[in-house]
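As structure tokens, the structure follows; a few thoughts come after it.
The values are calculated or read from the model by the stated rules, or taken from the named source; none is laboratory data. Because the structure is a prediction, the values reported are computed rather than measured. A quick note on method: Cβ atoms are made from the backbone with ideal geometry, for glycine too, and the neighbour counts reach across all protein chains shown.
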Amino acid sequence: MYRKEFFVFEQNRPIPAVIRNYKEPDFDGLIRVQQESFPPPFPSELWWNVEQLQNHVSLFPEGALCIEVDGRIAGSMTGLLVDFDPAHPEHTWEEITDNGYIRNHNPKGNTLYVVDIGVSPLYRKLGLGKWLMQSMYEIVIQKKIDRLLGGGRVPGYHKKVNEMTPDEYLDAVVKGELSDPVITFLLRCGRTPVQMVKNYLEDEESCNFAALMEWKNPFYSSIETGER
């Protein structure tokens, strides 16, 4: 199981933080973080429910991480293992995550797929999202799998939808010509784009698009080794 103790900084003041696997007593705090992280117009029915969280901690507890700051849950990140084929990347969030219930978790999968990451707005200046992402990279390495992958929302795209295609928008963000609240964050975390996918998630701000973003394991590739 995973536990990492460290300090985050509010200006020059160090604040104790912990990243660990979340458990059932944390569910209320995790749902609160979802509500704070994804306010309307994000659909409230996509916030975690207790049954989903129970599946996370029972089916793949290694991929159920939360971060505490001063003893209070401030963010979380959840993943599952899937067998991803780069030659056929198209999918929806609902399909690949079992609508967040992860009953399709494959212990022999080659990819750690990000179901969700969220940080309460009160704590976003502390860099918690990047700490959570780094922790998931460590799990990828520990499990000797190919990559971390996930669909990143593009909440800035609705402002440009009449000016550029989704691919042009992603390209502009990657070139630094535009900044997107999610994609720019993922780039800063070391993720790289695979492609845009349509109808990924009901998401008005993103016009239902998402950018598949991956982080490849620098120490291992099942493609090169022929292992599964």
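Applying the criterion of at least 1 residues that are within 21 Å of SER37 (Cα to Cα), at pLDDT 95 or above and in contact with a helix residue (DSSP H, G or I) (Cβ under 6 Å, 6 or more places away or on another chain) to the helices (runs of 4 or more DSSP H) found wholly in segment 138-228 leaves 183-188.
Considering only residues of segment 61-73 that are crowded, with 24+ Cβ neighbours inside 10 Å and touching a Lys or Arg at 6+ places or on another chain (Cβ under 9 Å), which is nearest to VAL18 (Cα to Cα)? Among those that are crowded, with 24+ Cβ neighbours inside 10 Å and touching a Lys or Arg at 6+ places or on another chain (Cβ under 9 Å), it is ILE67.
Within segment 48-60, can you find the residues that are over 16 Å from SER120 (Cβ atoms) and either crowded, with 16+ Cβ neighbours inside 10 Å or hydroxyl-bearing (Ser, Thr, Tyr) (or both)?
Those that are over 16 Å from SER120 (Cβ atoms) and either crowded, with 16+ Cβ neighbours inside 10 Å or hydroxyl-bearing (Ser, Thr, Tyr) (or both): GLN52, LEU53, ASN55, HIS56, VAL57, SER58, LEU59, PHE60.
Residue by residue, here is whether (1) closer than 16 Å to ALA211 by Cα; (2) in contact with a Ser or Thr (Cβ under 6 Å, 6 or more places away or on another chain) holds:
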| position | (1), (2) |
| --- | --- |
| PRO89 | yes, no |
| ASN99 | no, no |
| ARG103 | no, no |
| GLY109 | no, no |
| TYR113 | yes, no |
| ASP116 | yes, yes |
| LEU122 | no, no |
| LYS125 | no, no |
| GLY129 | no, no |
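Taking each residue of segment 48-64 that is within 24 Å of ILE145 (Cα to Cα) and touching a residue at least 60 places away in the same chain (Cβ under 8 Å) and looking for partners that are small (Gly, Ala, Ser) and crowded, with 20+ Cβ neighbours inside 10 Å with beta-carbon atoms closer than 8 Å, six or more apart or interchain, yields GLY63/GLY79. Among the criteria (1) exposed (fewer than 12 other Cβ atoms within 10 Å of the Cβ); (2) touching a residue at least 12 places away in the same chain (Cβ under 8 Å); (3) of a type outside the set (S, T, N, Q), the one PHE27 does not fulfil is (1).
For first residues located in segment 174-202 and free of Cβ contacts under 8 Å to residues at least 60 places away in the same chain, partners that are surrounded by fewer than 14 Cβ atoms within 10 Å (Cβ to Cβ) and not in a loop (DSSP other than H, G, I, E, B) and lie 6+ apart or on another chain with Cβ distances below 7 Å form the pairs MET196/ASP167.
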